[in-house]
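Step one of this worksheet: look at the structure below.
Computed from the coordinates by the stated procedures, all read-outs in this text should not be read as laboratory data. Everything numeric here is computed off the predicted structure, so don't read it as measured data. Methodologically, a virtual Cβ is constructed for each residue, glycine included, from the backbone with ideal geometry; neighbour enumeration extends over all protein chains shown.
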Amino acid sequence: MYSKQVMEKKLLTQQQLVKLAGVDRAQPMMVKLTVLEAATILGVTAQFLRMGLRQGRFSEFGTAVKFRRWAYYINSERFYTYVNSTGGNPPCLKKR
């Protein structure tokens, strides 16, 4: 569903992105997204996104930090900008 909308060059609002991820939150403006929410929107697995965050490949919108366990942070505003600017095809997902 998301890929079809992006292919039609439609820009999505933050609320639409969250709705596509299947998230129901009371707050209209979120500060961060979970890895699962962001992965769903990008159309990749959560593990793929986690590994990309660990390697710094998604530094435009998120980061990963290792304490005893890995912790992930995804800024929703930066994520929204990133998804719309790449047309839903992040550079790391392009075939070489």
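Structure data summary
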{"item": "Karplus-derived HN-Hα couplings along segment 57-71 (A = 6.51, B = -1.76, C = 1.60, θ = phi - 60°), whole Hz, x at Gly and Pro", "result": "6, 10, 5, 5, 9, x, 8, 10, 10, 9, 9, 7, 10, 6, 10"}
{"item": "Spin-label pair Gln47/Arg69, simplified geometry with 7 Å Cα→Cβ offset, distance in nm", "result": "1.7"}
{"item": "Distance between modelled label sites at Arg57 and Leu36, nm, 7 Å Cα→Cβ extension", "result": "2.2"}
{"item": "Integer Hz, Karplus 6.51/-1.76/1.60 couplings in order for segment 39-48, x for Gly and Pro", "result": "5, 4, 5, 6, x, 10, 7, 4, 5, 4"}
